[in-house]
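Step one of this worksheet: look at the structure below.
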Amino acid sequence: MTKFTIFLFLSIWFSSSYSWSNKTHDDFLQCLSHKIMNSNSSQVIHTPKSSSYSTLLNSFSDNLRITSDFKPSIIFTPTNESQIQAAIHCSKTHDLQIRIRSGGHDHEGLSYISETPFFIIDLRNLRSISIDTQKKTAWIQAGATIGELYYRIAQKSKKLAFPAGVCPTVGVGGHFSGGGYGMLSRKFGTAADNIIDAKLIDANGQILDRESMGEDHFWAIRGGGGTSFGLIISWKVKLLDIPEKVTLFNVTRTLEQNATQLIYKWQHIADKVDDNLLLRLFLRSNVQSPFKSGQRSIQAIFSTMFVGGVDELLHEMQKSFPELGLMKEDCIEMSWIESIIFFYGGFPNGTSPDALLNWNTTTNLHIYFTGKSDYVQHPISIKGLEGIWKLYNQLGENTGVELQVSPYGGKLSEISESETPFPHRAGNIFMIEYAVYWIKMEDSKRSLDWSRKLYRYMAKYVSKSPRAAYFNYRDLDLGVNNINGNTSYEQARVWGVKYFKNNFDRLVKIKTKIDPTNLFRNEQSIPPLLS
(Lines give C-alpha, C1' and ligand atoms only; values in the text may rest on other atoms or scores of the structure.)
Protein backbone atom coordinates (compact mmCIF):
# COMPACT_ATOMS: atom_id res chain seq x y z
CA MET A 1 0.00 0.00 0.00
CA THR A 2 1.47 3.36 -1.06
CA LYS A 3 1.85 6.31 1.29
CA PHE A 4 -0.76 8.15 -0.78
CA THR A 5 -3.23 5.27 -0.41
CA ILE A 6 -2.67 5.17 3.35
CA PHE A 7 -3.09 8.94 3.57
CA LEU A 8 -6.29 8.77 1.50
CA PHE A 9 -7.68 5.92 3.66
CA LEU A 10 -6.94 7.75 6.92
CA SER A 11 -8.42 10.98 5.58
CA ILE A 12 -11.66 9.23 4.62
CA TRP A 13 -11.75 7.34 7.97
CA PHE A 14 -11.19 10.42 10.10
CA SER A 15 -13.65 12.43 8.03
CA SER A 16 -16.39 9.80 8.27
CA SER A 17 -15.69 9.22 11.98
CA TYR A 18 -15.84 12.95 12.65
CA SER A 19 -19.04 13.33 10.64
CA TRP A 20 -20.65 10.37 12.40
CA SER A 21 -19.70 11.78 15.79
CA ASN A 22 -21.09 15.20 14.92
CA LYS A 23 -24.32 13.69 13.58
CA THR A 24 -24.73 11.60 16.75
CA HIS A 25 -24.19 14.71 18.86
CA ASP A 26 -26.66 16.80 16.84
CA ASP A 27 -29.33 14.10 16.77
CA PHE A 28 -28.99 13.47 20.51
CA LEU A 29 -29.12 17.20 21.28
CA GLN A 30 -32.24 17.63 19.18
CA CYS A 31 -33.87 14.63 20.89
CA LEU A 32 -33.03 15.85 24.39
CA SER A 33 -34.07 19.44 23.72
CA HIS A 34 -37.39 18.23 22.32
CA LYS A 35 -38.02 15.90 25.27
CA ILE A 36 -37.47 18.60 27.89
CA MET A 37 -38.86 21.53 25.87
CA ASN A 38 -41.11 22.57 28.77
CA SER A 39 -37.99 23.13 30.89
CA ASN A 40 -35.40 25.87 30.62
CA SER A 41 -33.07 23.70 28.55
CA SER A 42 -30.27 26.27 28.41
CA GLN A 43 -29.79 25.88 32.16
CA VAL A 44 -29.43 22.08 32.07
CA ILE A 45 -27.92 21.36 28.63
CA HIS A 46 -24.35 22.59 28.33
CA THR A 47 -22.54 22.17 25.00
CA PRO A 48 -18.99 23.29 24.16
CA LYS A 49 -20.59 26.46 22.78
CA SER A 50 -22.19 27.28 26.16
CA SER A 51 -20.44 29.76 28.45
CA SER A 52 -21.03 27.36 31.36
CA TYR A 53 -19.39 24.33 29.69
CA SER A 54 -15.75 25.04 30.58
CA THR A 55 -16.55 25.92 34.18
CA LEU A 56 -18.46 22.67 34.64
CA LEU A 57 -15.80 20.59 32.89
CA ASN A 58 -12.98 22.08 34.95
CA SER A 59 -14.84 21.37 38.20
CA PHE A 60 -14.75 17.62 37.69
CA SER A 61 -11.38 16.71 39.20
CA ASP A 62 -8.33 18.04 40.99
CA ASN A 63 -6.29 15.13 39.56
CA LEU A 64 -4.28 16.57 36.67
CA ARG A 65 -3.45 13.04 35.48
CA ILE A 66 -7.08 12.60 34.43
CA THR A 67 -7.12 14.88 31.43
CA SER A 68 -8.26 13.88 27.99
CA ASP A 69 -8.81 15.17 24.51
CA PHE A 70 -12.03 13.14 24.60
CA LYS A 71 -14.39 15.65 26.17
CA PRO A 72 -18.16 15.17 26.53
CA SER A 73 -20.42 16.31 23.72
CA ILE A 74 -22.84 17.60 26.33
CA ILE A 75 -22.83 18.09 30.08
CA PHE A 76 -26.39 17.57 31.28
CA THR A 77 -27.34 18.85 34.75
CA PRO A 78 -30.93 17.66 35.28
CA THR A 79 -33.15 19.10 37.96
CA ASN A 80 -35.70 16.29 38.12
CA GLU A 81 -36.23 12.62 37.37
CA SER A 82 -38.20 13.10 34.15
CA GLN A 83 -35.26 14.94 32.60
CA ILE A 84 -33.01 11.97 33.39
CA GLN A 85 -35.55 9.62 31.81
CA ALA A 86 -35.45 11.80 28.69
CA ALA A 87 -31.64 11.63 28.56
CA ILE A 88 -31.66 7.83 28.88
CA HIS A 89 -34.25 7.56 26.08
CA CYS A 90 -32.19 9.77 23.77
CA SER A 91 -28.98 7.93 24.65
CA LYS A 92 -30.54 4.62 23.59
CA THR A 93 -32.08 6.08 20.46
CA HIS A 94 -28.92 7.77 19.20
CA ASP A 95 -26.21 5.56 20.72
CA LEU A 96 -24.41 8.26 22.68
CA GLN A 97 -22.74 6.76 25.71
CA ILE A 98 -23.70 7.93 29.22
CA ARG A 99 -21.23 8.78 31.97
CA ILE A 100 -22.75 9.49 35.40
CA ARG A 101 -21.13 11.87 37.84
CA SER A 102 -22.12 12.63 41.42
CA GLY A 103 -18.94 13.73 43.21
CA GLY A 104 -16.22 13.17 40.62
CA HIS A 105 -13.73 11.44 42.92
CA ASP A 106 -13.28 8.42 40.65
CA HIS A 107 -9.53 7.63 40.68
CA GLU A 108 -9.55 6.87 36.95
CA GLY A 109 -12.08 9.52 35.91
CA LEU A 110 -14.57 7.01 34.47
CA SER A 111 -17.46 9.22 35.57
CA TYR A 112 -16.40 12.08 33.31
CA ILE A 113 -14.08 10.94 30.50
CA SER A 114 -14.37 8.41 27.67
CA GLU A 115 -12.58 7.61 24.43
CA THR A 116 -15.92 7.12 22.65
CA PRO A 117 -18.55 9.82 21.94
CA PHE A 118 -20.36 10.44 25.22
CA PHE A 119 -22.26 12.87 27.37
CA ILE A 120 -22.26 13.37 31.13
CA ILE A 121 -25.27 13.28 33.40
CA ASP A 122 -24.05 15.47 36.25
CA LEU A 123 -26.24 15.14 39.35
CA ARG A 124 -25.15 18.34 41.10
CA ASN A 125 -28.72 19.71 41.10
CA LEU A 126 -30.14 16.61 42.81
CA ARG A 127 -28.87 16.99 46.36
CA SER A 128 -31.83 17.15 48.74
CA ILE A 129 -31.52 15.38 52.10
CA SER A 130 -34.49 14.46 54.31
CA ILE A 131 -33.80 13.33 57.89
CA ASP A 132 -36.32 11.47 60.07
CA THR A 133 -34.92 11.41 63.60
CA GLN A 134 -37.88 9.43 64.97
CA LYS A 135 -37.42 6.54 62.55
CA LYS A 136 -33.63 7.10 62.40
CA THR A 137 -33.59 7.16 58.61
CA ALA A 138 -32.57 9.56 55.83
CA TRP A 139 -33.30 9.91 52.12
CA ILE A 140 -30.34 11.41 50.23
CA GLN A 141 -30.30 12.36 46.57
CA ALA A 142 -27.30 11.03 44.67
CA GLY A 143 -25.78 14.45 43.90
CA ALA A 144 -25.33 15.32 47.58
CA THR A 145 -21.91 14.99 49.17
CA ILE A 146 -21.23 12.95 52.28
CA GLY A 147 -20.17 16.19 53.99
CA GLU A 148 -23.62 17.65 53.36
CA LEU A 149 -25.21 14.46 54.69
CA TYR A 150 -23.10 14.57 57.86
CA TYR A 151 -23.99 18.22 58.42
CA ARG A 152 -27.74 17.67 57.94
CA ILE A 153 -27.75 14.74 60.35
CA ALA A 154 -25.92 16.76 63.02
CA GLN A 155 -28.28 19.66 62.45
CA LYS A 156 -31.18 17.41 63.46
CA SER A 157 -29.53 15.34 66.19
CA LYS A 158 -26.31 15.22 68.20
CA LYS A 159 -26.81 11.52 68.87
CA LEU A 160 -27.16 10.13 65.33
CA ALA A 161 -24.47 9.50 62.70
CA PHE A 162 -23.80 7.61 59.48
CA PRO A 163 -20.75 5.47 58.59
CA ALA A 164 -19.19 6.66 55.33
CA GLY A 165 -15.89 8.08 54.08
CA VAL A 166 -13.53 10.72 55.44
CA CYS A 167 -13.44 13.14 52.48
CA PRO A 168 -16.59 15.32 52.70
CA THR A 169 -16.59 16.35 49.01
CA VAL A 170 -17.23 12.78 47.80
CA GLY A 171 -20.67 12.32 46.23
CA VAL A 172 -22.99 9.75 47.82
CA GLY A 173 -24.08 8.32 44.45
CA GLY A 174 -20.86 6.50 43.68
CA HIS A 175 -19.45 6.21 47.21
CA PHE A 176 -22.37 4.23 48.64
CA SER A 177 -22.69 1.98 45.60
CA GLY A 178 -19.03 0.89 45.86
CA GLY A 179 -19.06 0.12 49.58
CA GLY A 180 -18.19 3.24 51.53
CA TYR A 181 -15.53 2.63 54.22
CA GLY A 182 -14.96 5.27 56.92
CA MET A 183 -13.98 6.02 60.51
CA LEU A 184 -17.11 4.34 61.92
CA SER A 185 -16.89 1.16 59.84
CA ARG A 186 -15.52 -1.14 62.56
CA LYS A 187 -18.49 -0.06 64.69
CA PHE A 188 -21.28 0.01 62.07
CA GLY A 189 -20.00 -1.51 58.82
CA THR A 190 -19.83 0.25 55.45
CA ALA A 191 -22.26 2.77 54.03
CA ALA A 192 -23.63 0.03 51.75
CA ASP A 193 -24.34 -2.17 54.79
CA ASN A 194 -26.72 0.50 56.07
CA ILE A 195 -28.75 1.19 52.93
CA ILE A 196 -32.39 0.13 53.32
CA ASP A 197 -33.97 1.44 50.10
CA ALA A 198 -33.07 3.25 46.89
CA LYS A 199 -34.62 4.87 43.84
CA LEU A 200 -33.04 4.41 40.43
CA ILE A 201 -33.82 4.73 36.75
CA ASP A 202 -33.15 1.56 34.79
CA ALA A 203 -32.16 1.03 31.15
CA ASN A 204 -35.84 1.19 30.13
CA GLY A 205 -36.30 4.58 31.79
CA GLN A 206 -38.43 3.18 34.61
CA ILE A 207 -38.18 4.64 38.12
CA LEU A 208 -37.80 1.78 40.59
CA ASP A 209 -37.54 1.45 44.35
CA ARG A 210 -36.45 -1.59 46.36
CA GLU A 211 -39.81 -3.31 46.07
CA SER A 212 -40.26 -2.77 42.34
CA MET A 213 -36.64 -3.49 41.35
CA GLY A 214 -36.51 -6.72 43.36
CA GLU A 215 -33.98 -7.99 45.88
CA ASP A 216 -31.38 -9.11 43.31
CA HIS A 217 -31.20 -5.66 41.74
CA PHE A 218 -31.18 -4.01 45.17
CA TRP A 219 -28.37 -6.36 46.28
CA ALA A 220 -26.25 -5.46 43.24
CA ILE A 221 -26.23 -1.67 43.79
CA ARG A 222 -25.06 -1.96 47.41
CA GLY A 223 -21.37 -2.51 46.67
CA GLY A 224 -21.42 -3.64 43.03
CA GLY A 225 -21.17 -0.15 41.57
CA GLY A 226 -24.40 1.69 40.82
CA THR A 227 -23.49 2.79 37.29
CA SER A 228 -23.56 -0.81 36.01
CA PHE A 229 -27.20 -1.29 37.01
CA GLY A 230 -28.93 2.01 36.34
CA LEU A 231 -28.76 5.60 37.47
CA ILE A 232 -29.17 5.98 41.22
CA ILE A 233 -31.48 8.90 42.05
CA SER A 234 -31.47 8.59 45.84
CA TRP A 235 -30.60 6.35 48.76
CA LYS A 236 -32.51 5.61 51.96
CA VAL A 237 -30.20 4.79 54.87
CA LYS A 238 -30.54 3.94 58.52
CA LEU A 239 -28.89 6.31 60.99
CA LEU A 240 -26.93 4.97 63.94
CA ASP A 241 -26.80 5.95 67.61
CA ILE A 242 -23.63 7.67 68.74
CA PRO A 243 -22.57 9.42 71.98
CA GLU A 244 -22.48 13.21 72.06
CA LYS A 245 -18.67 13.06 72.32
CA VAL A 246 -16.13 10.88 70.56
CA THR A 247 -12.37 10.85 71.23
CA LEU A 248 -9.68 11.38 68.62
CA PHE A 249 -5.92 11.51 68.36
CA ASN A 250 -3.19 11.89 65.75
CA VAL A 251 0.14 10.59 67.00
CA THR A 252 3.22 10.66 64.73
CA ARG A 253 6.30 8.47 65.03
CA THR A 254 9.36 8.45 62.74
CA LEU A 255 11.67 5.54 61.96
CA GLU A 256 14.07 7.01 64.49
CA GLN A 257 11.25 6.80 67.06
CA ASN A 258 10.76 3.07 66.54
CA ALA A 259 7.99 3.43 63.93
CA THR A 260 8.81 0.13 62.21
CA GLN A 261 8.33 -1.88 65.40
CA LEU A 262 5.14 0.03 66.22
CA ILE A 263 3.69 -0.69 62.76
CA TYR A 264 4.59 -4.36 63.13
CA LYS A 265 2.77 -4.53 66.48
CA TRP A 266 -0.19 -2.52 65.13
CA GLN A 267 -0.80 -5.21 62.51
CA HIS A 268 -1.36 -7.79 65.26
CA ILE A 269 -4.03 -5.80 67.12
CA ALA A 270 -5.71 -3.37 64.69
CA ASP A 271 -8.53 -5.75 63.71
CA LYS A 272 -8.94 -7.19 67.22
CA VAL A 273 -9.37 -4.11 69.44
CA ASP A 274 -12.72 -2.96 70.79
CA ASP A 275 -15.24 -2.37 67.98
CA ASN A 276 -15.58 1.25 69.14
CA LEU A 277 -11.91 1.88 68.25
CA LEU A 278 -10.61 2.47 64.73
CA LEU A 279 -6.83 2.84 64.63
CA ARG A 280 -6.02 4.11 61.15
CA LEU A 281 -2.42 4.43 60.00
CA PHE A 282 -0.78 6.72 57.43
CA LEU A 283 2.73 5.99 56.17
CA ARG A 284 4.11 9.15 54.60
CA SER A 285 7.42 10.12 53.12
CA ASN A 286 8.72 13.64 53.37
CA VAL A 287 11.28 14.95 50.92
CA GLN A 288 14.30 14.79 53.18
CA SER A 289 15.17 13.23 56.51
CA PRO A 290 16.45 15.61 59.20
CA PHE A 291 18.54 12.70 60.53
CA LYS A 292 20.09 11.09 57.42
CA SER A 293 21.37 13.19 54.55
CA GLY A 294 20.02 12.17 51.13
CA GLN A 295 17.26 9.99 52.57
CA ARG A 296 13.57 10.65 53.01
CA SER A 297 11.94 11.10 56.37
CA ILE A 298 9.27 8.43 56.87
CA GLN A 299 6.42 9.07 59.27
CA ALA A 300 3.84 6.71 60.73
CA ILE A 301 0.75 8.68 61.76
CA PHE A 302 -1.72 6.84 63.99
CA SER A 303 -5.03 8.59 63.27
CA THR A 304 -7.76 7.33 65.56
CA MET A 305 -11.44 7.62 66.40
CA PHE A 306 -12.95 6.07 69.52
CA VAL A 307 -16.73 6.03 69.91
CA GLY A 308 -16.64 6.98 73.59
CA GLY A 309 -14.78 9.06 76.18
CA VAL A 310 -11.07 9.63 76.67
CA ASP A 311 -10.76 7.50 79.82
CA GLU A 312 -12.27 4.47 78.08
CA LEU A 313 -9.92 5.01 75.14
CA LEU A 314 -6.84 5.21 77.34
CA HIS A 315 -7.86 1.99 79.10
CA GLU A 316 -8.30 0.18 75.77
CA MET A 317 -4.99 1.50 74.40
CA GLN A 318 -3.09 0.53 77.54
CA LYS A 319 -4.52 -2.97 77.22
CA SER A 320 -4.05 -3.43 73.47
CA PHE A 321 -1.24 -1.12 72.33
CA PRO A 322 0.80 0.22 75.26
CA GLU A 323 3.89 0.44 73.01
CA LEU A 324 2.49 3.59 71.37
CA GLY A 325 2.75 5.42 74.68
CA LEU A 326 -0.51 7.33 74.26
CA MET A 327 -1.03 10.11 76.82
CA LYS A 328 -4.22 11.87 77.83
CA GLU A 329 -2.89 15.14 76.42
CA ASP A 330 -2.63 13.46 72.98
CA CYS A 331 -6.41 13.01 72.93
CA ILE A 332 -9.28 15.37 72.31
CA GLU A 333 -12.99 14.88 72.88
CA MET A 334 -15.40 16.45 70.41
CA SER A 335 -18.73 15.90 68.71
CA TRP A 336 -18.97 13.49 65.79
CA ILE A 337 -19.59 16.32 63.32
CA GLU A 338 -16.48 18.14 64.58
CA SER A 339 -14.49 14.95 64.00
CA ILE A 340 -15.34 15.13 60.28
CA ILE A 341 -13.50 18.46 60.10
CA PHE A 342 -10.65 17.08 62.25
CA PHE A 343 -9.89 14.11 59.98
CA TYR A 344 -10.19 15.92 56.66
CA GLY A 345 -6.95 17.65 55.72
CA GLY A 346 -8.63 20.11 53.37
CA PHE A 347 -9.91 22.35 56.17
CA PRO A 348 -7.71 24.60 58.35
CA ASN A 349 -7.82 24.22 62.14
CA GLY A 350 -10.86 25.75 63.77
CA THR A 351 -13.05 25.45 60.68
CA SER A 352 -16.77 25.45 61.46
CA PRO A 353 -18.86 22.44 60.35
CA ASP A 354 -20.76 24.95 58.17
CA ALA A 355 -17.90 24.50 55.68
CA LEU A 356 -19.31 21.05 54.88
CA LEU A 357 -22.12 22.78 52.98
CA ASN A 358 -19.67 24.34 50.55
CA TRP A 359 -20.02 21.81 47.75
CA ASN A 360 -17.06 23.24 45.86
CA THR A 361 -14.68 22.78 48.78
CA THR A 362 -11.61 20.94 47.46
CA THR A 363 -8.01 20.59 48.47
CA ASN A 364 -7.14 22.97 45.59
CA LEU A 365 -3.84 21.14 45.23
CA HIS A 366 -4.23 20.39 41.52
CA ILE A 367 -1.66 17.64 41.55
CA TYR A 368 -1.04 14.53 39.51
CA PHE A 369 -2.25 11.47 41.38
CA THR A 370 -2.60 7.71 41.04
CA GLY A 371 -3.94 5.14 43.48
CA LYS A 372 -4.07 1.38 44.01
CA SER A 373 -5.34 -0.85 46.81
CA ASP A 374 -4.65 -4.15 48.55
CA TYR A 375 -6.00 -6.32 51.36
CA VAL A 376 -3.65 -7.84 53.93
CA GLN A 377 -4.47 -11.06 55.78
CA HIS A 378 -1.18 -11.77 57.57
CA PRO A 379 1.15 -9.24 59.25
CA ILE A 380 3.92 -7.90 57.03
CA SER A 381 7.32 -8.82 58.41
CA ILE A 382 9.86 -6.31 59.69
CA LYS A 383 11.96 -7.10 56.62
CA GLY A 384 8.94 -6.47 54.39
CA LEU A 385 8.32 -3.08 55.99
CA GLU A 386 11.98 -2.13 55.62
CA GLY A 387 11.73 -2.99 51.93
CA ILE A 388 8.95 -0.39 51.62
CA TRP A 389 11.18 2.25 53.19
CA LYS A 390 13.96 1.42 50.68
CA LEU A 391 11.50 1.91 47.82
CA TYR A 392 10.43 5.24 49.34
CA ASN A 393 14.01 6.43 48.93
CA GLN A 394 13.85 5.68 45.18
CA LEU A 395 11.09 8.25 44.61
CA GLY A 396 11.75 11.24 42.38
CA GLU A 397 12.31 14.52 44.18
CA ASN A 398 8.98 15.96 43.01
CA THR A 399 6.98 12.85 43.95
CA GLY A 400 5.36 11.96 47.26
CA VAL A 401 3.66 8.84 48.59
CA GLU A 402 1.20 8.02 51.33
CA LEU A 403 0.04 4.55 52.28
CA GLN A 404 -3.38 4.84 53.92
CA VAL A 405 -3.78 1.72 56.06
CA SER A 406 -7.33 1.08 57.28
CA PRO A 407 -8.10 -1.65 59.83
CA TYR A 408 -10.85 -4.22 59.44
CA GLY A 409 -12.48 -6.50 62.03
CA GLY A 410 -15.45 -5.50 64.18
CA LYS A 411 -18.75 -5.17 62.33
CA LEU A 412 -16.98 -5.53 58.97
CA SER A 413 -16.02 -9.12 59.83
CA GLU A 414 -19.44 -10.09 61.22
CA ILE A 415 -21.19 -9.72 57.85
CA SER A 416 -20.84 -12.55 55.32
CA GLU A 417 -18.98 -12.02 52.03
CA SER A 418 -22.18 -12.60 50.05
CA GLU A 419 -24.48 -10.30 52.06
CA THR A 420 -23.61 -7.47 49.65
CA PRO A 421 -21.32 -7.40 46.58
CA PHE A 422 -18.64 -5.79 48.79
CA PRO A 423 -16.80 -9.01 49.79
CA HIS A 424 -13.91 -7.82 51.96
CA ARG A 425 -14.90 -9.24 55.32
CA ALA A 426 -13.52 -11.74 57.87
CA GLY A 427 -9.89 -12.69 57.42
CA ASN A 428 -8.67 -9.23 56.42
CA ILE A 429 -6.50 -7.40 58.94
CA PHE A 430 -6.44 -4.16 56.96
CA MET A 431 -6.72 -2.48 53.57
CA ILE A 432 -3.97 -0.37 51.98
CA GLU A 433 -4.48 2.49 49.58
CA TYR A 434 -1.29 3.45 47.74
CA ALA A 435 -1.56 7.17 46.98
CA VAL A 436 1.25 8.51 44.80
CA TYR A 437 1.30 12.17 43.75
CA TRP A 438 3.62 14.46 41.85
CA ILE A 439 3.80 18.10 40.80
CA LYS A 440 5.18 18.24 37.25
CA MET A 441 3.78 16.54 34.16
CA GLU A 442 7.26 15.46 33.07
CA ASP A 443 7.47 13.31 36.21
CA SER A 444 4.36 11.32 35.26
CA LYS A 445 5.99 8.28 33.68
CA ARG A 446 8.59 7.90 36.42
CA SER A 447 5.97 8.29 39.17
CA LEU A 448 3.56 5.81 37.57
CA ASP A 449 6.39 3.32 37.04
CA TRP A 450 7.38 3.67 40.70
CA SER A 451 3.78 3.15 41.82
CA ARG A 452 3.61 -0.09 39.83
CA LYS A 453 6.99 -1.18 41.20
CA LEU A 454 5.74 -0.75 44.77
CA TYR A 455 2.57 -2.68 43.90
CA ARG A 456 4.65 -5.56 42.46
CA TYR A 457 6.86 -5.57 45.55
CA MET A 458 3.81 -5.89 47.83
CA ALA A 459 2.47 -8.98 46.01
CA LYS A 460 4.08 -11.45 48.44
CA TYR A 461 2.53 -9.72 51.49
CA VAL A 462 -1.11 -9.28 50.43
CA SER A 463 -4.19 -11.34 49.53
CA LYS A 464 -3.90 -13.92 46.78
CA SER A 465 -6.21 -15.90 44.44
CA PRO A 466 -7.49 -13.33 43.84
CA ARG A 467 -5.32 -10.40 44.83
CA ALA A 468 -8.23 -8.31 46.09
CA ALA A 469 -8.86 -4.59 45.57
CA TYR A 470 -11.44 -2.03 46.71
CA PHE A 471 -13.83 -0.95 43.95
CA ASN A 472 -13.99 2.65 45.21
CA TYR A 473 -10.22 2.90 44.62
CA ARG A 474 -10.64 2.19 40.92
CA ASP A 475 -7.51 0.93 39.14
CA LEU A 476 -7.48 0.31 35.38
CA ASP A 477 -4.17 -1.57 35.63
CA LEU A 478 -6.27 -4.49 36.94
CA GLY A 479 -7.99 -4.88 33.55
CA VAL A 480 -10.50 -3.13 31.31
CA ASN A 481 -13.56 -3.81 29.17
CA ASN A 482 -13.95 -3.11 25.48
CA ILE A 483 -15.76 0.19 25.07
CA ASN A 484 -16.39 -0.41 21.37
CA GLY A 485 -17.86 -3.87 20.93
CA ASN A 486 -18.73 -6.57 23.41
CA THR A 487 -16.79 -7.58 26.50
CA SER A 488 -16.67 -11.30 27.27
CA TYR A 489 -17.26 -12.72 30.72
CA GLU A 490 -13.68 -14.04 30.71
CA GLN A 491 -12.23 -10.62 29.89
CA ALA A 492 -14.20 -8.81 32.61
CA ARG A 493 -13.54 -11.54 35.16
CA VAL A 494 -9.83 -10.60 35.14
CA TRP A 495 -10.58 -7.42 37.05
CA GLY A 496 -14.04 -8.35 38.38
CA VAL A 497 -12.99 -11.05 40.85
CA LYS A 498 -10.39 -8.71 42.37
CA TYR A 499 -13.07 -6.24 43.37
CA PHE A 500 -15.95 -8.64 44.04
CA LYS A 501 -14.44 -12.13 44.51
CA ASN A 502 -17.17 -14.82 44.22
CA ASN A 503 -19.88 -12.16 44.01
CA PHE A 504 -18.78 -11.27 40.47
CA ASP A 505 -20.73 -14.15 38.91
CA ARG A 506 -23.97 -13.09 40.58
CA LEU A 507 -23.43 -9.49 39.46
CA VAL A 508 -23.00 -10.64 35.84
CA LYS A 509 -26.24 -12.65 35.98
CA ILE A 510 -28.15 -9.66 37.39
CA LYS A 511 -26.67 -7.34 34.76
CA THR A 512 -27.69 -9.77 32.00
CA LYS A 513 -31.26 -9.73 33.27
CA ILE A 514 -31.75 -6.00 33.82
CA ASP A 515 -29.49 -4.39 31.18
CA PRO A 516 -28.83 -6.99 28.46
CA THR A 517 -27.90 -4.35 25.84
CA ASN A 518 -25.26 -2.89 28.20
CA LEU A 519 -26.56 0.68 28.08
CA PHE A 520 -24.83 1.54 31.37
CA ARG A 521 -21.19 0.78 30.73
CA ASN A 522 -17.63 1.96 31.20
CA GLU A 523 -14.13 0.48 31.23
CA GLN A 524 -14.86 -1.38 34.47
CA SER A 525 -18.62 -1.91 34.48
CA ILE A 526 -20.24 -5.30 34.98
CA PRO A 527 -20.94 -6.73 31.48
CA PRO A 528 -23.94 -8.83 30.50
CA LEU A 529 -23.36 -12.40 29.32
CA LEU A 530 -23.24 -12.52 25.53
CA SER A 531 -26.22 -14.29 23.99
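The values are calculated or read from the model by the stated rules, or taken from the named source; none is laboratory data. These numbers were taken from a predicted model, which means no experiment stands behind them. Please note: Cβ atoms are built from the backbone with ideal geometry, for glycine as well, and neighbour counts cover all protein chains shown. For accessibility, only protein heavy atoms count, side chains too; no ligands or nucleic acids. Shrake-Rupley method; radii C 1.70, N 1.55, O 1.52, S 1.80 Å.
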Dipole magnitude (debye, nearest 20) for the range 18-156, charges at Cβ of Lys, Arg, Asp, Glu: 440
Set LYS440/LYS464; LYS411/LYS511; LYS135/LYS199; LYS245/LYS328 screened for pairs whose C-alpha atoms are more than 25 Å apart: LYS440/LYS464; LYS411/LYS511
Accessible surface of the chain, 1.4 Å probe, proportion on carbon and sulfur as whole %: 50
Per-residue SASA entry for ASP477, accessible area with 1.4 Å probe, Å² rounded to 10: 80
Mean separation of Cα contacts under 8 Å, 6 or more apart, over the residue count of the chain: relative contact order %: 14
Considering only the chain, percent of DSSP beta bridges that pair antiparallel, nearest 5: 90
Extension gain from PHE70 to LYS460, taking 0.36 nm per residue of separation minus the Cα-Cα distance: 136.6 nm
GLU312 - accessible surface, heavy atoms, 1.4 Å probe, Å² rounded to 10: 110
Per residue solvent-accessible surface (Å²) - the chain, probe of 1.4 Å: 43
Leading residue at positive end of dipole, the chain (Cβ point charges), from ALA435, ALA492, TYR368: ALA492
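Once you compute Rg and the Kirkwood Rh from C-alpha atoms, what is the Rg to Rh ratio for the range 46-197?
On the way: Rg = 16.8 Å, Rh = 16.6 Å.
Rounded to two decimals, Rg over Rh is 1.01.
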Among 151-161, 520-530, 347-357, the order from most to least packed when residues are scored by Cβ within 10 Å on average: 520-530, 151-161, 347-357
Helix 489-500 axis, angle to the chain major axis (alpha carbon atoms, nearest 10°): 30
Residue-level accessible surface for GLU397, protein heavy atoms, 1.4 Å, Å²: 150
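To the nearest 0.05, what FRET efficiency results for SER50 and SER352 with a Förster distance of 35 Å applied to their C-beta separation?
Once the sixth-power term is evaluated, E becomes 0.50.
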Accessible area in the full protein assembly, largest first, 1.4 Å probe, for CYS90, CYS31: CYS31, CYS90
Burial order of peptide ranges 216-226, 372-382, 45-55 (average beta-carbon count within 10 Å, highest first): 216-226, 372-382, 45-55
